[in-house]
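The values are calculated or read from the model by the stated rules, or taken from the named source; none is laboratory data. Worth saying up front: this structure is predicted, and the values here are computed from it rather than measured. Note that we place each Cβ from the backbone using ideal geometry, even for glycine, and neighbour counts take in every protein chain shown.
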């Protein structure tokens, strides 16, 4: 069996989605050996894929919490701008439409809240925490 460094590199390359042919050329390891390793180290490969995906999600801030915060910040700016405008300004209609659209987007991001009591979890109706 090859050394641990070669196997670790194989796991990295498979987690990144590289083909057995490409890995075989880079590591200079027989393709059938790589297929066997793929079965043997399936859990490690999948775990590394998950870790890589999580890092990517964090890098691009794709979490639901982040989306809600960003949408809330934009909505707040729109509301601040709307309070400075005169109702007679033509663009105001468009501004209020944007406010409504952002509120709807935030509502769609909404998740049910759970309150725990001694016996079980109780789901809060959305009416309790709507924007």
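Scanning the stretch 55-72 for residues that are part of a helix (DSSP H, G or I) and exposed (fewer than 11 other Cβ atoms within 10 Å of the Cβ) yields 55, 56, 59, 64, 65. For the stretch 40-54, which positions are over 12 Å from residue 12 (Cβ atoms) and surrounded by 15 or more Cβ atoms within 10 Å (Cβ to Cβ)? Across the stretch 40-54, there are no qualifying residues. Just one of the listed residues (116, 80) is exposed (fewer than 10 other Cβ atoms within 10 Å of the Cβ), modelled with pLDDT of 85 or more and out of contact with any helix residue (DSSP H, G or I) (no Cβ under 8 Å at 6 or more places or on another chain), namely 80. Considering the stretch 22-39, and only residues there that are within 24 Å of residue 53 (Cβ to Cβ) and in contact with a helix residue (DSSP H, G or I) (Cβ under 8 Å, 6 or more places away or on another chain), the residue that is surrounded by the most Cβ atoms within 10 Å (Cβ to Cβ) turns out to be 37.
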